[in-house]
Amino acid sequence: MDPTGVPPPGNGVSDEALGARGTTPAGASRPAPPKPSFRRAFASRPFLLLWASQLVSQSGDYVFDVALLWLVFSTTGSALAVSVVVTAAIVPTVVLGPVLGVYVDRWPRRAILLGTNVLEGVLVAGLSALVLTHGADLALIVGVVFALGVGGQLVRVTSTALVPQTVGREDLTTANSLVSFSASTNQVAGLAIGGVVVALVGPTIPIAYDALSFFAAAAIVARVSAEVGRPEADATIGRFADQFREGLRYVRSQRLLLELIAIGLVTNFAGNAAFALWAPYAGSVLHGGAATYGFLGAMIALGAIVGAVLVGKVEIRGSAGRVVFAGLLGFGAGVLALGLTRSIPLALAESFAVGFVSSVINIPLFSAVQAKVPARLMGRVLSVLLGLLLAAAPFGAFFAGELALAVSIPFVYLVAGVLVLATGALGLVVLGEVRRLTYCAGGRSPSPDRAAAGPS
């Protein structure tokens with residue numbers, strides 16, 4: 001039996017049982033799974049377009065983050081104000097995420113991506129006009145960021161649920177590595193260039209660019225076949241409340257997912273406490289400016305790029321759990337080191353390490369979940385899982401500002417690093433399902449649109 005206890009998608013037969021009931025005769029050795037292949041993932045036109053739309057959209061997101069958070073910090077001078085804005089971006093994932101997942105399973109996923117990108121583009125374009133006319137106060141910014149958080153959560157769950165419908169299970173790790181690679185590449189360019197642009201011309205132009213990136217992403221999604229991401233027949237039948245409860249029951253019944261949530265609650269509380277203070281850390285602790293803030297974020301992304309390439313090329317399916325715990329310990333050590341650092345070059349190196357281990361944690365974790373969760377439940381399970389993983393994140397972001405005021409910004413980083421290290425060490429001992437986590441190649445997503453999602 002699969003040690004995770006999570007049934008694989010499709011017929012509900014375990015990977016081991018396939019040896020006796022599938023095409024391989026009992027007692028015979030099964031053929032070696034195909035090696036990870038970036039080329040094979042890109043051969044799927046729907047995945048290529050999905051990846052390209054994310055690439056374009058995220059190119060504006062990171063520039064927007066630099067511009068908006070530095071605008072808030074420079075106009076208020078308050079670390080607490082920055083943490084409030086960051087909290088507003090996270091809250092929708094926790095509060096609305098599980099509800100949105102029902103619609104990800106009920107509605108055509110292509111249409112969700114198309115409509116959400118257009119609406120986000122309109123919203124950011126309006127904010128850009130208000131910033132230009134000095135009409136954007138803190139309350140308005142918080143409201144816009146909250147709305148963008150809703151859209152971002154909807155896009156995140158929908159695109160993640162679409163990945164296993166566009167590539168085979170043997171390519172999930174590779175596909176997720178490519179998604180992580182593009183996001184991190186955008187982060188490098190967006191934060192580094194964004195920091196310089198904000199320093200030179202202010203926040204208006206970067207925010208306007210983000211609006212254009214949403215419209216461009218929608219145009220790319222429009223080229224995906226309408227057959228890709230159509231809901232399964234039974235996903236559109238029944239009451240909303242019943243379908244919502246079905247997703248919750250599935251998560252509650254899986255020991256692996258419960259253990260992942262326990263890890264995520266602590267880790268995301270600590271991680272968001274640290275990253276909510278990124279701009280104040282750059283300005284008040286390292287005595288840098290907007291460019292320093294941007295380059296710190298860029299180094300995190302550069303580390304994530306290297307991690308994504310490595311994870312995408314190395315066979316880790318048989319040791320995914322151990323890889324995740326190694327990443328957790330490395331993440332905690334990196335955040336702790338940042339709290340002890342006052343040198344910009346050293347902080348840049350530590351940021352690179354934090355980004356690297358982030359890929360080591362996230363890519364195998366989500367690849368395993370995609371491989372094991374039934375396609376018809378993917379939206380609900382992913383949204384509930386993300387919502388619970390991030391349930392403590394808004395509190396971490398908010399109280400980081402309070403703790404920084406009461407003690408210091410470096411103290412927040414020290415506490416956050418110790419929390420993650422303790423979680424990783426304790427988890428290795430008591431969280432056996434995550435420690436033994438593996439997933440096998442072979443098979444495809446059972447979605448009926450899989451044939452339409454193949455290369456064209």
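Where a number appears in this text, it was derived from the coordinates with a stated rule and is not lab data. The shown structure was predicted, so the numbers you read here are calculated from the model rather than taken from an experiment. All Cβ positions, even for glycine, are placed from backbone atoms using ideal geometry, and neighbour counts span all protein chains on display.
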(request) Assuming R0 = 22 Å, can you tell me the calculated FRET efficiency for the pair residue 189 and residue 125, based on Cβ-Cβ distance, to the nearest 0.05? (result) 0.55
(request) Treat each spin label as a single point 7 Å out from the Cα along the C-beta direction, and report the residue 241 to residue 406 distance in nm. (result) 4.0
(request) Report the FRET efficiency, 1/(1 + (r/R0)^6), for residue 76 and residue 258, where r is their Cβ-Cβ distance and R0 is 41 Å, rounded to 0.05. (result) 0.55
(request) Calculate for the chain the 222 nm mean residue ellipticity that helices alone would give, adding -39,500 (n - 2.57) per DSSP H run of length 4 or more and normalising by residue count, nearest 500 deg cm²/dmol. (result) -24500 deg cm²/dmol
(request) With r as the distance between the Cβ atoms of residue 430 and residue 340 and R0 = 35 Å, compute the FRET efficiency 1/(1 + (r/R0)^6) and round to 0.05. (result) 0.75
(message) I'd like the distance separating the alpha-carbon centroids of the range 243-321 and the range 116-169, in whole Å.
(response) 20
(message) Give me the dipole magnitude in Debye, nearest 20, for the chain about the Cα centre, with unit charges on the beta carbon: positive for Lys and Arg, negative for Asp and Glu.
(response) 1120
(request) Note the full-extension length gain between residue 287 and residue 212 as 0.36 nm times their separation in residues minus their Cα-Cα distance, in nm to one decimal. (result) 23.7 nm
